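Okay, structure first, notes after.
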Amino acid sequence: MSANKYEAVIGLEVHVELKTNSKIFCACSTEFGAAPNTQVCPVCLGLPGTLPVVNKRVVDFAIKAGLALNCKIAEFSKFDRKNYYYPDLPKGYQISQYDLPICEHGYLDIEVDGETKRIGITRIHMEEDAGKLMHEGDAIAEAESSLVDYNRTGVPLLEIVSEPDLRSPEEAVAYLEKLKAILQYTEVSDCKMQEGSLRCDANVSVRPVGAAEFGTKTELKNMNSFKALQKALEYEIERQIDILEDGGEVVQETRSWNENKGITVSLRSKEEAHDYRYFPDPDLVPLVIDREWVERIRETLPELPDERKRRLIEEYGLPEYDATVITSSKDLADYFDRCLQYFGDAKKVSNWIMAELLRLLNARDLEAADCPVSPEQLAELLQLIDKGTISGKIAKQVFEEMFDTGKTAAAIVKEKGLEQISDAGELERIVEQVIANNPDPVADYRNGKKQAIGFLVGQVMKATRGKANPQLVNELLRKKLS
């Protein structure tokens, strides 16, 4: 039986760190990057005699995320104690939500290979984060010792649990990308995966195509990039298929992705469901959320990715592909809209953002929010192209220098003498020289090989160090050769 006779069944559990200034049950800072164990207090360390007090902004953000993800907001929910022992959990339990979460029965739509698919969201619940273990070794499985930083303990999280509706690593990545975009648009989280603000666990199994029953699943823990999610799922699906093809049985267990080796490794057996002995937290009153509260939050919802995509297509006539790329990030979509305030050609702005801006952001590992070229500066560069001050080719060089130095386009063009040559008399002399120096391409052109003019244009551009007006060069060449 070949591998393509199997299908994967994937569900994601996504942990999202909320963008609050203080923790969920105490006033400690949530700022990232502080020295270990400097943002802690008796409450988040769980010292005897302390009492938690829920941060209302956390509840507001949970409602906002639930509404953006088409969930039903519970009128009554509560906090529970999830009991287990691990070094990063100072209280010996985690305050979470169990049977009465704040949000349930939502969905989001993804697009893969041109097809739209709806992915169900089982639930969203609030909880506190645990501390951070730092392992002395390449990965947890090989670590000889670990240190713990409790700064992250008590940082507010949402856990967003999908239905097992995903059928491929590509669908899983598309779901996580869409989820990240929605959370960024609502501004409930910065979703900085490199800082752990968005983390993902995956439950994955395989079964013969057409089978109704799920196979035995494994849980892949703590994948913090789209690439890691894609690669880990690809490997795990192939691993499970190989086991079944060899007549074996997949073991239910928790596994970790080893980035360096490109494999998943077993962490612990999970043959039976862990008994966390949940019970309502006696120190926290239940949450009663009236409809007025929900509607107040609903009124603060921004234009979400799908709505913004439709607007860019309908209002500016952008192709669907352009609109999809631009609206995949709130910061990128905001950048686009601000550019249009200074330069009105939406398609030209889109082309530059998708080609040059994203290329340089990716090369320098930057987010759109950290772009050193402001929308006003990019608009100024596009205006210089439109005026004929510089050519498109020169503009790309200028843009890269703007990126590296922070200087404006006009300043760079002036400093380096990059103004486009549009003087017909000056260009005519250069064109005549190029024609005289290249008899073979000239003969080819006159004999009907019209594409030969491209070589001649290139020679003129070379002679002028790219500063010649290409449209005028084409006109002069055709006139001289006719």
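The values are calculated or read from the model by the stated rules, or taken from the named source; none is laboratory data. As the structure is a prediction and not an experimental result, all values here were calculated from the model. Every residue, glycine as well, gets a Cβ built from its backbone with ideal geometry; the counts of neighbours run over all protein chains shown.
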Hits in region 29-42 (condition: crowded, with 18+ Cβ neighbours inside 10 Å and closer than 16 Å to Leu89 by Cβ): Val40
Answer from Lys117, Lys82, Lys78 - the residue that is in the same structural domain as Leu233 (by TED's automatic domain parsing) and in contact with a Leu (Cβ under 6 Å, 6 or more places away or on another chain): Lys78
Test for Ile353: is it more than 24 Å from Lys467 (Cβ to Cβ), surrounded by 18 or more Cβ atoms within 10 Å (Cβ to Cβ) and β-branched (Val, Ile, Thr): yes
Scope region 137-160; condition under 14 Å from Val16 (Cβ atoms) and in a helix (DSSP H, G or I); matching residues: Arg152
Sole residue being of a type in the set (A, V, I, L, M, F, W, C), at negative phi and surrounded by fewer than 20 Cβ atoms within 10 Å (Cβ to Cβ), chosen from Ala436, Ala395, Ala409: Ala436
Wholly enclosed helices (runs of 4 or more DSSP H) of region 344-388 bearing at least 1 residues within 16 Å of the chain's Cα centre (by Cα) and modelled with pLDDT under 95: 358-363
Selection count, region 466-480, where residues are of a type outside the set (A, V, I, L, M, F, W, C), part of a helix (DSSP H, G or I), under 22 Å from Leu418 (Cα atoms) and touching a residue at least 40 places away in the same chain (Cβ under 8 Å): 1
Residue in region 254-268 that is β-branched (Val, Ile, Thr), over 29 Å from Leu69 (Cβ atoms), surrounded by 15 or more Cβ atoms within 10 Å (Cβ to Cβ) and free of Cβ contacts under 8 Å to residues at least 60 places away in the same chain present: yes
Some residue of region 115-136 being in a strand (DSSP E or B), modelled with pLDDT under 95, of a type in the set (S, T, N, Q) and under 19 Å from Gly196 (Cβ atoms): no
Flag for Gly196 being on the phi > 0 side of the Ramachandran plot and either buried (at least 18 other Cβ atoms within 10 Å of the Cβ) or of a type in the set (Lys, Arg) (or both): no
Region 405-414: number of residues that are assigned to a helix (DSSP H, G or I) and either touching a helix residue (DSSP H, G or I) at 6+ places or on another chain (Cβ under 8 Å) or in contact (Cβ under 8 Å) with a residue 12 or more places away in the chain (or both): 5
Sole exception among (1) outside the structural domain of Lys348 (by TED's automatic domain parsing); (2) in contact (Cβ under 8 Å) with a residue 24 or more places away in the chain for Thr389, by number: (1)
Condition met for Arg465 (of a type in the set (Lys, Arg) and over 25 Å from Leu384 (Cα atoms)): no
Residue tally, condition at pLDDT 95 or above and part of a loop (DSSP other than H, G, I, E, B), over region 1-30: 11
Selection within region 439-454 - surrounded by fewer than 17 Cβ atoms within 10 Å (Cβ to Cβ) and either over 23 Å from Ile385 (Cα atoms) or in contact with a Lys or Arg (Cβ under 8 Å, 6 or more places away or on another chain) (or both): Pro439, Asp440, Ala443, Arg446, Asn447, Gly448, Lys449, Lys450, Gln451
Matching residues in region 277-316 - criterion: being of a type in the set (Phe, Trp, Tyr) and either over 17 Å from Asp334 (Cβ atoms) or assigned to a loop (DSSP other than H, G, I, E, B) (or both): Tyr278, Phe279, Trp293
Filter result (assigned to a helix (DSSP H, G or I) and at pLDDT 95 or above) within region 182-213: Ile182, Leu183, Gln184, Tyr185, Thr186
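Each row is one residue, and each column tells you yes or no for (1) in contact (Cβ under 8 Å) with a residue 12 or more places away in the chain; (2) acidic (Asp, Glu); (3) closer than 28 Å to Leu108 by Cα.
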position: Val59; (1), (2), (3): yes, no, yes
position: Ala62; (1), (2), (3): yes, no, yes
position: Leu67; (1), (2), (3): yes, no, yes
position: Asn70; (1), (2), (3): yes, no, yes
position: Glu75; (1), (2), (3): yes, yes, yes
position: Phe79; (1), (2), (3): yes, no, yes
position: Tyr84; (1), (2), (3): yes, no, no
position: Pro90; (1), (2), (3): yes, no, no
position: Gln94; (1), (2), (3): yes, no, no
Meets criteria (within 40 Å of the chain's Cα centre (by Cα) and of a type outside the set (S, T, N, Q)) for Lys450: no
Residues of region 64-86 classified as closer than 30 Å to Ser146 by Cβ, of a type outside the set (A, V, I, L, M, F, W, C) and under 31 Å from the mean Cα position of the chain (by Cα), total: 2
Filter result for the condition that a residue is surrounded by fewer than 22 Cβ atoms within 10 Å (Cβ to Cβ), under 16 Å from the mean Cα position of the chain (by Cα) and touching a residue at least 60 places away in the same chain (Cβ under 8 Å), over Lys227, Lys217, Lys178: Lys178
